[in-house]
């Protein structure tokens, strides 16, 4: 079988994309692009890529490339994705898909016009615990879902000041500048934590959004290091859906609180929770309240996000998880959280 030729943009998070594709026999890492040519050349040598670029437009001009992986600063997601789609490339783009709703809508228009795949890398949907939660929910074990709560609290987990500058994540000043990132904790990890709750609840249609955003602890830390930052460190949102259900989400980079992640989904027949690395099912059986710890499937037995994207390219009829059109609804809520915070009131959708 002829291998799909991929072009990867970005050597930060992009190195995770490269590692995944190197293990997929259906893919050839054909080109690597980064403004740091030396680093791009190092990864090209490691993964035997034929071409190295510092200009993504020139890489997109290569007819041989079938798909593009975009792992760059948030403000580049939309222009790069649109340019690739217009040149007939399939695209997988890191989250968030764009820094604002208007750009995200343009991306979806471009993918429809090009008739190519656009996947947003909502990687946490593919983790074993959330894959299993989704499967149990789809089986109807929880019954009618009426409430969800998703939380990811970091304590001293702020980009630039709490992450190594040579790592794969959070290593550029753009993370903490709203013009380039679109937001702080909200756009970085809040996009994951809201998306997980919404997706597990069945992706209901949004009725209203009430959001709050804070920056109380990090400003003096940034100032001490001479770093300009104008983004949130903690954000919360209460989303009400048109089916009557509600979801509360909270996320922080820095807080005087115990760190951790928790996803809770409430149904009229059962509830399920991921917390402290444990997946637990709560229900009533013959009048007795039961609590059951659930063993997770092996990661080796599950499809990775990258494998899923490649399969979606090769199988025209395959329903793709986290398509651009689907994730447009996530960006709509992230936009509304910021609008609600500024207006100090709920944002309602007709």
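The values are calculated or read from the model by the stated rules, or taken from the named source; none is laboratory data. Everything numeric in this text was worked out from a predicted model, so none of it was measured. We place every Cβ from the backbone using ideal geometry, glycine too, and count neighbours over all the protein chains shown.
For region 279-302, filtering for residues that are closer than 18 Å to residue 130 by Cβ and not in a loop (DSSP other than H, G, I, E, B) leaves 10.
This table checks each residue for (1) assigned by TED's automatic domain parsing to the domain that holds residue 338; (2) in contact (Cβ under 8 Å) with a residue 40 or more places away in the chain; (3) touching a strand residue (DSSP E or B) at 6+ places or on another chain (Cβ under 9 Å); (4) surrounded by 23 or more Cβ atoms within 10 Å (Cβ to Cβ).
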{"residue": "12", "(1), (2), (3), (4)": "no, yes, no, no"}
{"residue": "27", "(1), (2), (3), (4)": "no, yes, yes, no"}
{"residue": "34", "(1), (2), (3), (4)": "no, no, yes, yes"}
{"residue": "46", "(1), (2), (3), (4)": "no, no, no, no"}
{"residue": "75", "(1), (2), (3), (4)": "no, yes, no, no"}
{"residue": "118", "(1), (2), (3), (4)": "no, yes, yes, yes"}
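For region 211-226, name all the residues that are over 21 Å from the mean Cα position of the chain (by Cα) and under 16 Å from residue 250 (Cα atoms). Steps first, answer last, please.
Quick first cut of region 211-226, residues over 21 Å from the mean Cα position of the chain (by Cα) only: 214-226.
Across region 211-226, the qualifying residues are 214, 215, 216.
Report whether or not residue 135 is outside the structural domain of residue 18 (by TED's automatic domain parsing), closer than 25 Å to residue 199 by Cα and free of Cβ contacts under 8 Å to residues at least 40 places away in the same chain. If you could, list the steps in order and put the result at the bottom.
Details: outside the structural domain of residue 18 (by TED's automatic domain parsing): yes; closer than 25 Å to residue 199 by Cα: yes; free of Cβ contacts under 8 Å to residues at least 40 places away in the same chain: yes.
Spelling it out, residue 135 is indeed outside the structural domain of residue 18 (by TED's automatic domain parsing), closer than 25 Å to residue 199 by Cα and free of Cβ contacts under 8 Å to residues at least 40 places away in the same chain.
Taking region 120-139 as the range and being over 22 Å from residue 188 (Cβ atoms) and touching a strand residue (DSSP E or B) at 6+ places or on another chain (Cβ under 8 Å) as the test, the residues that pass are 132, 133, 136, 137.
Would you tally the residues in region 305-350 being assigned to a loop (DSSP other than H, G, I, E, B) and over 14 Å from the mean Cα position of the chain (by Cα)?
As a first pass, look at region 305-350 and keep what is assigned to a loop (DSSP other than H, G, I, E, B): 315-322, 344-346, 349-350.
Narrowing further to those that are over 14 Å from the mean Cα position of the chain (by Cα): 315-320, 344-346, 349-350.
The total comes to 11.
Do we find that residue 150 is within 17 Å of the chain's Cα centre (by Cα) and either surrounded by fewer than 19 Cβ atoms within 10 Å (Cβ to Cβ) or not assigned by TED's automatic domain parsing to the domain that holds residue 254 (or both) in this structure? No; evaluated as a whole, the condition is false for this residue. For residue 210, are the conditions met, namely being in contact with a helix residue (DSSP H, G or I) (Cβ under 8 Å, 6 or more places away or on another chain) and at pLDDT below 95? Answer is no for this residue.
Pick out the one residue from 338, 345 that is farther than 30 Å from residue 270 by Cα and out of contact with any helix residue (DSSP H, G or I) (no Cβ under 9 Å at 6 or more places or on another chain).
Just a single option satisfies the conditions, and that option is 345.
Looking at region 280-303, is at least one residue surrounded by 11 or more Cβ atoms within 10 Å (Cβ to Cβ) and under 27 Å from residue 232 (Cβ atoms)?
So the first thing to find is which residues in region 280-303 are surrounded by 11 or more Cβ atoms within 10 Å (Cβ to Cβ), and the list is 280-283, 290, 292, 294, 296-297, 299, 302-303.
In the following step, the residues that additionally are under 27 Å from residue 232 (Cβ atoms) were identified as none.
No, there is no match, as no residue in region 280-303 is surrounded by 11 or more Cβ atoms within 10 Å (Cβ to Cβ) and under 27 Å from residue 232 (Cβ atoms).
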